[in-house]
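Student: Here it is: the structure, laid out below.
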Amino acid sequence: MTESETDVDHFARQLQGNGRLLGLDLGTKTIGLAISDSRWMVASPLHTVRRKKFTPDANAMLEMAAKEGVVGLVIGLPYNMDGSEGARAQATRAFQRNLSGLSELPMMFWDERLSSFAAEQAMLEADMSRKKRAKNVDQIAAAIILQGCLDRLRESPSYLR
């Protein structure tokens with residue numbers, strides 16, 4: 001991974017104007033989406049997209065991004081626990097490469113290790129039913145990914161909010 005793909009300061013400099021950030025948790029069957037507020041303080045679960053094929057998936061996300069006034073994308077990158085990249089990380093990179101051909105929005109990767117586990121734990125603590133947990137885990141994981149990035153962005157010298 002190149003430094004600019006994960007450098008928060010580089011990402012902050014690319015962002016144009018006031019707007020929100022969209023977090024993505026790419027799974028094999030679903031894509032969890034989370035949205036920030038315009039001041040980049042809080043990430044909230046937004047929606048889960050049922051995956052079909054790349055083009056309808058990308059269009060659904062980009063339509064939502066336009067509707068929500070998104071100025072950048074934070075994409076969870078699924079490292080293995082030892083820090084290496086496996087097949088899921090390569091699929092995520094391919095998705096991002098294809099998405100960057102459809103959108104000029106700045107994009108950065110964020111280490112998503114344990115985000116789904118943290119989402120599951122939070123839902124268990126909230127005493128959510130198994131059915132509700134299954135429905136919401138991806139968008140809550142996306143919110144955890146995005147919140148990690150937001151917290152780091154506020155420490156960036158380029159943070160002007």
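The values are calculated or read from the model by the stated rules, or taken from the named source; none is laboratory data. Predicted, not measured: the structure shown is a model, and the values here were computed from it. Positions of Cβ are generated from backbone atoms using ideal geometry, with glycine treated the same way; all protein chains shown enter the neighbour counts.
Student: Among all residue pairs at least 6 apart or on different chains, which show Cβ distances below 7 Å where the first residue, located in the stretch 90-101, is among the hydroxyl-bearing types (Ser, Thr, Tyr) and the second is modelled with pLDDT under 95?
Tutor: THR92/LEU26; THR92/LEU77; THR92/PRO78
Student: Additional query: Go through the stretch 59-116 and give me each residue that's of a type in the set (D, E, K, R), closer than 14 Å to ASP25 by Cβ and either assigned to a strand (DSSP E or B) or at pLDDT 95 or above (or both). Let's see the steps before the verdict.
Tutor: So in the stretch 59-116, the residues of a type in the set (D, E, K, R) come out as 63, 67-68, 82, 85, 88, 93, 97, 104, 111-113.
Restricting the remaining residues to those that are closer than 14 Å to ASP25 by Cβ gives 88, 111-113.
ASP111, the sole residue that qualifies.
Student: Let me ask something additional. So in the stretch 4-38, with the set limited to residues that are in a loop (DSSP other than H, G, I, E, B) and charged (D, E, K, R), which one is modelled with the highest pLDDT?
Tutor: Looking only at the stretch 4-38, we keep the residues that are in a loop (DSSP other than H, G, I, E, B), and these are 7, 15-19, 27-29, 37-38.
From what's left, charged (D, E, K, R): 7, 29, 37.
Values: ASP7: 83, LYS29: 92, ASP37: 95.
Residue satisfying both the conditions and the ranking: ASP37.
Student: Any chance the stretch 47-70 includes a residue that's of a type in the set (Ser, Thr, Tyr), in contact (Cβ under 8 Å) with a residue 60 or more places away in the chain, surrounded by 14 or more Cβ atoms within 10 Å (Cβ to Cβ) and within 21 Å of ASP138 (Cβ to Cβ)? Walk me through it before giving the result.
Tutor: Just the residues of the stretch 47-70 that are of a type in the set (Ser, Thr, Tyr), to begin with: 48, 55.
In the following step, the residues that additionally are in contact (Cβ under 8 Å) with a residue 60 or more places away in the chain were identified as 48.
Those still in the list that are surrounded by 14 or more Cβ atoms within 10 Å (Cβ to Cβ) too: 48.
From the residues that got through so far, the ones that are within 21 Å of ASP138 (Cβ to Cβ) too are 48.
Within the stretch 47-70, one or more residues are of a type in the set (Ser, Thr, Tyr), in contact (Cβ under 8 Å) with a residue 60 or more places away in the chain, surrounded by 14 or more Cβ atoms within 10 Å (Cβ to Cβ) and within 21 Å of ASP138 (Cβ to Cβ).
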